[in-house]
Each structure stands twice: as C-alpha cells, then as structure tokens.
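The values are calculated or read from the model by the stated rules, or taken from the named source; none is laboratory data. Bear in mind the structure is a predicted one, so any value in this text is a computation, not a measurement. All Cβ positions, glycine included, derive from the backbone under ideal geometry; neighbour counts span all protein chains shown.
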Amino acid sequence: MTAAVGGAGGAPGIEPATERDLEIMALQLGRTMRGVLGIGARCACGAPTVVVTSPRLPDGTPFPTFYYLTHPAATAAASRLEADGTMAALQERLADPEVAERYAAAHVAYLAAREAHGVVDEIAGISAGGMPTRVKCLHAVLAHSLAAGPGVNPIGDATLALADWSPERCACAPGQRGSAVQGAAPSPR
Ligand SMILES: [Zn+2]
C-alpha cells in the first residue's frame, strides 16, 4: 500500500496555493488560473496536479469544474484513454448497480465539496465529467479521484488505475517540479 498523494484516506483537503504553485500551474496550462481556492492534489515532487477553483470566477462566471486537472502528463494520459475507447468501457461499468450507486454518490460528494465554497444557482446540481449517470470527461473524474482520494469516485479511480501516469512517479517537466525532496516519503497532506 502506498499513501495517496493529495487525498490520503479519502479525506478531501485543499491546501493553500503558494506563489510557486501558481507559477507552476501557469507553466502547466500556458495561462494564469483564475479563481484559485487552493491545490487539491500534488505530484510526488510537490507540483500541483489538481487545482481547486471557486464555483464563481472573479468576473462572475459560474464555474462547475471544482477540481481541474492541471498536470500535462496526467492530462495527456486521460486524453489517450478517451481516444482509445476507455470512456465507453467505463460507461459500461455503470450497468453494475453497485458501481452506479457509488458514482451517483461521487456526484453528491462533488457538489457538497463545491458548495462549501459557495452555492451558485446557475450550476446547481451540475458536477463534472458526466456524473451522476454518464462518463463524458476522464480528466474531470480523474481530478476528482486525485483530490478526494481513493474510494470516492469509482470511475475516476478506474481511470487512474488504467492511466500510464501516476502522481507517485514524478513526470513533471524540469522547470515545473515542486520542491518536495526527491526520495522522501510524500507528505499525506
Ligand atoms: Zn512532479
């Protein structure tokens, strides 16, 4: 067993974003993030993998994607899975009532986590990734699993298991690495 980076024990937590985090995310995305509430998950090196964004951006725009995948290698891995038919395979898993029930619960958890930072009427009941009954964006469900920890989002967990990227092995570009000491055990939070 290895500790989950960014969501140990499934307990959602948001770390404040440092200046270096904001700098790394700007490099990861090629733009400045707006409405940053904090960091939802990190690479083993400490670089952000998931940014947590306010449900309403500073300019007033409603923003449903509370957990947003920023890491280029993670994003590319999710895109590859979307391209190779994995999304349809994961959708089929929802035919299992137990998986469907857990996915629906993930939707509720997503909304609850977001609404703790403000209820925005325009996006009420709208989570991300196709939840609660569809699989439409593996980036969104992967981001949810990375931030919430294992056991919350079954489709996100499956995406992480199938991905050829993991937060446990740093695949950050040289200028985009965090400051965690290489080889040290990642901090659970
Ligand atoms: Zn890294």
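Values computed for the structure shown
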read-out: Residue 44 within 15 Å of the ligand (Cβ to nearest atom), over 24 Å from residue 120 (Cβ atoms) and hydrophobic (A, V, I, L, M, F, W, C); value: yes
read-out: Residue check for residue 95: more than 16 Å from the ligand (Cβ to nearest atom), assigned to a loop (DSSP other than H, G, I, E, B) and more than 19 Å from the chain's Cα centre (by Cα); value: yes
read-out: Failed criterion for residue 75 (all others in (1) of a type outside the set (Gly, Ala, Ser); (2) crowded, with 18+ Cβ neighbours inside 10 Å; (3) over 15 Å from the mean Cα position of the chain (by Cα) hold); value: (3)
read-out: Lone unmet requirement of (1) surrounded by 21 or more Cβ atoms within 10 Å (Cβ to Cβ); (2) within 16 Å of the ligand (Cβ to nearest atom); (3) in contact (Cβ under 8 Å) with a residue 60 or more places away in the chain; (4) not in a loop (DSSP other than H, G, I, E, B) for residue 175; value: (1)
read-out: Selection from region 47-76 of residues that are more than 14 Å from residue 146 (Cβ to Cβ) and in contact (Cβ under 8 Å) with a residue 12 or more places away in the chain; value: 53, 54, 55, 56, 57, 58, 59, 62, 63, 64, 72, 76
read-out: Flag for residue 154 being touching a residue at least 60 places away in the same chain (Cβ under 8 Å), closer than 23 Å to residue 49 by Cβ and touching a Lys or Arg at 6+ places or on another chain (Cβ under 6 Å); value: yes
read-out: Residue match in region 90-101 (condition: surrounded by fewer than 17 Cβ atoms within 10 Å (Cβ to Cβ), within 22 Å of residue 171 (Cβ to Cβ), at pLDDT 95 or above and in contact with a Gly (Cβ under 9 Å, 6 or more places away or on another chain)); value: no
read-out: Qualifying residue in region 80-87 (condition: within 13 Å of the chain's Cα centre (by Cα) and in a helix (DSSP H, G or I)); value: no
read-out: Qualifying positions in region 45-64 - under 19 Å from residue 163 (Cβ atoms) and under 15 Å from the mean Cα position of the chain (by Cα); value: 47, 48, 49, 50, 51
read-out: Verdict on residue 105 being assigned to a helix (DSSP H, G or I), over 30 Å from residue 23 (Cα atoms) and under 17 Å from the mean Cα position of the chain (by Cα); value: yes
